[in-house]
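Colleague: Can you keep this structure in mind? I'll have questions shortly.
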Amino acid sequence: MIKKLYAAVAALFILIVAQSCIEDGYTTSASSQPTFSADTLDMGTYFTGQLTPTARFVVHNRHDKVLNISSVILREGDAGAFSVNVDGLAGTQFANVEIRPNDSIYVFVKATLPVNSSPELTEVKGHLDFLTNGVTSTVVLRAAGQDVERRSAVEITADERWGAQYPYQIFDSLVVREGATLRLDPGVRLHFHDGAYLRVYGSLVTEGTPEALVEMTGDRTDNVVGDISFDLMASQWQGLHFAPQSRGNRLSHTVVRNTVEGVMADSLSAVEMVNCRLRNSAGMALTTRHASVRLIGCEIADASYGAMMMHGGEVTANHCTFANYYLFTAPRGAIVQFGHYNAESDDGSGMPYLKADISNSIAYGLGTDFSEGDFTGTDVFVRSCVLKSAGSDDDNFIGCLWDTDPSFATVRNDYYFDYRLKDDSPALQHADPSLTLPEATLDLYGTPRLPAPRPGAYQGSL
């Protein structure tokens, strides 16, 4: 009895499946065509000679019957640059690709872009032709290739100057040894691979300009997802470390971003940064520890643990913007943090307490602006600054604008991070021209500050 019941159920199942197949049928009309999530798959710009990340698009069947794509053929102007996978199968030609009614399939694309032997970008195109019911539809594949100088485990043992003809891709490490100076010309771009770092025992001098910034960043040039660029992502490389007693360091118009640990100025090192931008770190964007650091016209922003920690040493910050609208975690500390500045915060090192002069600057964003502590009787002074806290002036806070949103142009929810001020900012006039240092007379964009300087890193507004 049970065997007969199983047989009856099996027969019924086969009948239902057969009927459903018959009902689906195939659409054979020339007007029945697939639709595509993109007519052109723009993969972006990548370094030549290495495999790109995978891009994809979707092929939809918007019809009520099965759509049979007779053939899919990869047609390339630059043979071999692209490789494709259609619905789980890799190749260059595919036959009888079926898509169920009102369903879809994925097409995945990678490319290895040929070396250009030129510093100019070179565009590479390919085409995927889909023949369906006698009609051919084409999706264009497009990517741009940039030649790059690849360097691994580099040690600078004598003075060197690096030019900007090609970007540099750094694997493992770039180390400037004691007694050596590495100079980076205007427009130099250092792209660090995952886990790589820059450590300076000697000296680092960057010579960026408003027209040609020096950049230190990760080596991912694509998007994380959708329109979210890897430029917004921390943890792509370790960061920049000025080792103990490293001297003669001067960074001008330089961007350091996408790090694990940000920039560290270690014990007894000396660093000057003019019109620099440090952002997107999984730790602190900038840490100074018993170091001598001058920050002029700098943006220090967007880090999980806070924008800046100054611990002992001597720090001057003039016309700086300290901001934190980090995307990926809630703030784990104040935007600006202080340590080893009095007996209560003494770290037991026997080193001098912090001397800090912060002027014509802004501290604002998610979380609190300054770490908790009492500066009474210390050498920490905050003058003519725009602050988030609802405090009041005293002997250490002088002429500050309290509890005021400076109205950055940044729109965090739109992944737009621009720390210039809006035209209607209530903070536009709150800077003391007598405090503007000579190095701060022009901002990162080359805009003159005087005679009416604005607070923060940028003179121009939006």
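The values are calculated or read from the model by the stated rules, or taken from the named source; none is laboratory data. All figures in this text were calculated on a predicted structure; none of them were measured in a lab. For neighbour counting, all protein chains shown are included, and Cβ atoms are generated from backbone atoms with ideal geometry for every residue, glycine included. Please note that ligands, DNA and RNA were not included when accessible areas were found on the heavy atoms of the full protein model with its side chains. Shrake-Rupley method; radii C 1.70, N 1.55, O 1.52, S 1.80 Å.
Colleague: Considering only segment 313-321, I want to know if a residue exists there that is at pLDDT 95 or above, of a type in the set (Gly, Ala, Ser) and touching a Pro at 6+ places or on another chain (Cβ under 6 Å).
Modeller: No - not one qualifying residue is present in segment 313-321.
Colleague: Looking at segment 251-264, which of the residues that are open to solvent by 10 Å² or more (accessible area, probe 1.4 Å) and either assigned to a strand (DSSP E or B) or touching a Pro at 6+ places or on another chain (Cβ under 6 Å) (or both) is nearest to residue 178 (Cα to Cα)?
Modeller: My answer is 264.
Colleague: Next up: Look through 90, 95 and report the one residue that is farther than 18 Å from residue 43 by Cα and free of Cβ contacts under 8 Å to residues at least 24 places away in the same chain.
Modeller: Residue meeting the stated conditions: 90.
Colleague: Next question, about the same structure. If I go through segment 223-244 residue by residue, how many of them are over 17 Å from residue 168 (Cα atoms), touching a residue at least 40 places away in the same chain (Cβ under 8 Å) and part of a loop (DSSP other than H, G, I, E, B)?
Modeller: Total meeting the criteria: 5.
Colleague: When you go through (1) touching a Lys or Arg at 6+ places or on another chain (Cβ under 6 Å); (2) surrounded by fewer than 18 Cβ atoms within 10 Å (Cβ to Cβ) one by one for residue 359, which number turns out not to apply?
Modeller: (2)
Colleague: Give segment 118-170 a look and list any residue that's over 23 Å from residue 213 (Cβ atoms), open to solvent by 40 Å² or more (accessible area, probe 1.4 Å) and within 28 Å of the chain's Cα centre (by Cα), or say none.
Modeller: Of everything in segment 118-170, those that are over 23 Å from residue 213 (Cβ atoms), open to solvent by 40 Å² or more (accessible area, probe 1.4 Å) and within 28 Å of the chain's Cα centre (by Cα) turn out to be 122, 123, 125, 142, 152, 153, 155.
Colleague: Continuing with this model, one more query. Just one of 30, 38, 95 is touching a strand residue (DSSP E or B) at 6+ places or on another chain (Cβ under 7 Å), part of a loop (DSSP other than H, G, I, E, B) and open to solvent by 50 Å² or more (accessible area, probe 1.4 Å); which is it?
Modeller: Answer to the check: 30.
Colleague: Out of all the residues in segment 397-407, is one or more assigned to a loop (DSSP other than H, G, I, E, B), more than 24 Å from residue 297 (Cα to Cα) and at pLDDT 95 or above?
Modeller: Checked segment 397-407: no residue is assigned to a loop (DSSP other than H, G, I, E, B), more than 24 Å from residue 297 (Cα to Cα) and at pLDDT 95 or above.
Colleague: Could you check segment 31-61 and list, in sequence order, the residues that are of a type in the set (Phe, Trp, Tyr) and within 19 Å of residue 133 (Cβ to Cβ)?
Modeller: Within segment 31-61, just 36 meets the criteria.
Colleague: Of all residues in segment 199-222, how many are of a type in the set (Lys, Arg) and in a strand (DSSP E or B)?
Modeller: 1
Colleague: When segment 296-335 is examined, which residues are found to be more than 22 Å from the chain's Cα centre (by Cα) and in a strand (DSSP E or B)?
Modeller: Passing the criteria: 296, 310, 311, 314, 315, 316, 317, 318.
Colleague: Can you pull out the residues in segment 390-441 that are among the aromatic types (Phe, Trp, Tyr) and touching a residue at least 24 places away in the same chain (Cβ under 8 Å)?
Modeller: If the condition is that a residue be among the aromatic types (Phe, Trp, Tyr) and touching a residue at least 24 places away in the same chain (Cβ under 8 Å), then 408, 415, 417, 419 are the ones that fit.
Colleague: While we're looking at this one, here's another question. Could you tell me whether any residue of segment 269-282 is farther than 30 Å from residue 145 by Cβ, surrounded by fewer than 19 Cβ atoms within 10 Å (Cβ to Cβ) and either in contact with a Pro (Cβ under 9 Å, 6 or more places away or on another chain) or of a type in the set (Gly, Ala, Ser) (or both)?
Modeller: No.
Colleague: Okay, moving on. For a quick check of your reading of the model, give me the residue pairs whose first member lies in segment 184-203 and is surrounded by 18 or more Cβ atoms within 10 Å (Cβ to Cβ), whose second is modelled with pLDDT under 95, with beta-carbon atoms closer than 7 Å and at least 6 apart or on different chains.
Modeller: Sorted first by the residue in segment 184-203, then by its partner, the pairs are 191/219; 192/219.
Colleague: List every residue pair whose Cβ atoms sit under 6 Å apart, with the two residues 6 or more apart in sequence or on different chains, where the first one lies in segment 266-292 and is part of a strand (DSSP E or B) and the second, anywhere, is of a type in the set (Ser, Thr, Tyr) and buried (at least 21 other Cβ atoms within 10 Å of the Cβ).
Modeller: 274/252; 281/259; 284/305
Colleague: Being open to solvent by 60 Å² or more (accessible area, probe 1.4 Å) and touching a strand residue (DSSP E or B) at 6+ places or on another chain (Cβ under 7 Å) is the filter; apply it to segment 232-250 and report the residue that is nearest to residue 43 (Cα to Cα).
Modeller: That would be 250.
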